Amino acid sequence: MNKIAVIDYGMGNLHSVAKAVEHVGRELGQDVEIVVTPDANLIAKADRVIFPGVGAIRDCMAEILRLDVDQIVADAIKSKPVLAICVGMQALMSSSEENGGVDCLGFLQGDVRYFGDDLKDENDQRLKVPHMGWNQVAQTRPHPLWKDIPDNSRFYFVHSYYVQTQKQEMITGLTHYGTDIVAALGVDNIFATQFHPEKSQKAGLTLLRNFLQWDGTV
Amino acid sequence: MGLAKRIIPCLDCKNGRVVKGVKFLDIRDAGDPVEISKRYCDAGADEITFLDITASHEGRETTIHTVEAIASQVFIPLTVGGGIRTLEDIRAMLNAGADKVGINTAAVINPDFVREAAERFGSQCIVVAVDAKQVSGEGEPLKWEIFTHGGRNATGIDALEWVKRMVEYGAGEILLTSMDRDGTKTGFDLALNREVSRSVPVPIIASGGVGNLQHLVDGVLQGEADAVLAASIFHFQEYTIREAKEFMLKSGIEVRL
């Protein structure tokens, strides 16, 4: 039995993540049990933990703190493979510019920046914000979660804020949208993506399949 | 290389079946929404848009079940629109597996609803759907107004002003349908799309009027759309999504293949 806990703190679309994990579990022929829950005990019993998040980071952080999800995440990253997605990844960082400045959990060193209102590409063409749609991810480091995913595969992004870090060694994937942005981070047993693997069809499902089989080592 | 332009097949649904009307009226049956969504996803659709065209009048249960069924088999973004009037409606659709909701009539009745929805759920899942119709006569400067209730009711609101306001209120994307072109297969209203695209920072989905693959290309290159939406050319299997993408690629547009 492979127990997967998706941390539910009332923010956004956990159905998508759960359905996608169920789907890849079935494909693998694995006996996968998924719980979508804010319950610390249930999450403590899981083999692997997914930390999702959509929407505004201020609201996410408020709920994280109200439901003691910060402690749950802290416990999870001490002991088991953790996959953080989108605002889940942003919440792991030190702080965010979103909604006028928000302290994040500070588990990973780096901060969350706004794309800006006058984002341009190399040809000086205006770029829309949010960065929404399918963009290519360059795999900057090998990682077990990239297994069977061709380099520069497209994943689905939707965000107006992006992660920046001085710690180059944390970065596992980069994408480009006016500027280089962190598409994925890998630190020990934590893997974090700015894109949505659960919405990225084949490439995304492959990443989730890899996560179901990952032991948290690199 | 960078962000791909998206192709979004649209499923107009009535009582759990995909239908397609001409100018929102004459309706043809086009099949089961779950089957069709899966086929499009396998063929490389970048997103699916599901519009419950009778939702303003009828029950929501069928829609919720259909959305759940699509979301458990399709792993690309899913937008659900039609009859979204309250924060509770949005939550129900997101819980059913939708990634974004399309708000149309409710935004016109109460524009603050868009603000509340974006604050609560994030701009990334709030698509404001705008049905626009040209109201300027020949020789006059181009002007469009928005319509509600599936194109039945005029509002007197200028389309460009409206879109700017909706983005200020937190709309993360605009689904722009030309009422003049919808169902006609004569191509998007390119001037409308270009004007809207230039007036706001968020992505624009062009909709209404696609009859061939060149229309999709024109929507991106001339209409400056970030995504193109079409229904009947895919439902009635005139073209596959793959053919559409290859055609766009040949025209120099970046797509996901």
Using the structure shown, decide if A:Lys19 is open to solvent by 40 Å² or more (accessible area, probe 1.4 Å), in contact (Cβ under 8 Å) with a residue 12 or more places away in the chain and under 25 Å from A:Met132 (Cβ atoms). yes
Matching option when the condition is among the small types (Gly, Ala, Ser) and closer than 21 Å to A:Gly25 by Cβ, among A:Ala56, A:Ala44: A:Ala44
Verdict on A:Tyr114 being more than 14 Å from the chain's Cα centre (by Cα) and open to solvent by 60 Å² or more (accessible area, probe 1.4 Å): yes
B:Val128 passes all but one of (1) in contact (Cβ under 8 Å) with a residue 60 or more places away in the chain; (2) under 14 Å from the mean Cα position of the chain (by Cα); which number fails? (1)
Those residues of segment A:163-197 which are open to solvent by 20 Å² or more (accessible area, probe 1.4 Å) and on the phi < 0 side of the Ramachandran plot, in sequence order: A:Gln164, A:Gln166, A:Lys167, A:Gln168, A:Glu169, A:Leu174, A:His176, A:Thr179, A:Asp180, A:Val187, A:Asn189
So which of A:Asp75, A:Asp47, A:Asp59, A:Asp103 ends up being surrounded by fewer than 16 Cβ atoms within 10 Å (Cβ to Cβ) and closer than 19 Å to A:Val36 by Cβ? A:Asp75
So, in segment A:1-16, how many residues would count as being modelled with pLDDT of 90 or more, crowded, with 17+ Cβ neighbours inside 10 Å and among the hydrophobic types (A, V, I, L, M, F, W, C)? 4
Quick one: which strands (runs of 3 or more DSSP E) sit completely within segment B:1-91 and have at least 1 residues that are modelled with pLDDT under 90 and within 14 Å of chain A (Cβ to nearest Cβ)? none
Limited to segment A:35-63, what total is found for residues that are away from chain B (no Cβ under 14 Å) and under 26 Å from A:Ser200 (Cα atoms)? 10
Residue pairs qualifying under the 8 Å Cβ cut-off, at least six apart or on distinct chains, with the first in segment B:99-120 being in contact (Cβ under 8 Å) with a residue 12 or more places away in the chain and the second being open to solvent by 70 Å² or more (accessible area, probe 1.4 Å) and part of a helix (DSSP H, G or I), are B:Pro111/B:Arg165
Answer yes or no as to whether A:Ile72 is within 14 Å of the chain's Cα centre (by Cα) and touching a residue at least 40 places away in the same chain (Cβ under 8 Å). no
Residue under evaluation A:Asn210, criteria (1) buried (at least 21 other Cβ atoms within 10 Å of the Cβ); (2) farther than 29 Å from A:Glu97 by Cα; (3) away from every other protein chain (no Cβ under 11 Å), criterion not met: (1)
For B:Glu254, state whether it is on the phi > 0 side of the Ramachandran plot, out of contact with any Asp or Glu (no Cβ under 6 Å at 6 or more places or on another chain), open to solvent by 30 Å² or more (accessible area, probe 1.4 Å) and within 13 Å of another protein chain (Cβ to nearest Cβ). no
Expected single match for of a type in the set (S, T, N, Q), over 19 Å from A:Ala91 (Cα atoms) and without any contact (Cβ under 8 Å) to a residue 60 or more places away in the chain among A:Gln139, A:Gln164, A:Gln168 is A:Gln139
Quick check on my filter: what residues within segment B:132-147 are open to solvent by 10 Å² or more (accessible area, probe 1.4 Å) and touching a Ser or Thr at 6+ places or on another chain (Cβ under 6 Å)? B:Leu142, B:Lys143
Reported set for segment B:233-257 where residues are assigned to a loop (DSSP other than H, G, I, E, B), modelled with pLDDT of 95 or more and of a type in the set (A, V, I, L, M, F, W, C) is B:Ile253, B:Val255
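The values are calculated or read from the model by the stated rules, or taken from the named source; none is laboratory data. The structure presented is a predicted model; accordingly, all values stated were derived computationally and were not measured. Virtual Cβ from ideal backbone geometry, glycine too; neighbours counted across all protein chains shown. Side chains are part of the model used for accessible areas, which takes the heavy atoms of the whole protein and leaves out ligands, DNA and RNA. Shrake-Rupley method; radii C 1.70, N 1.55, O 1.52, S 1.80 Å.
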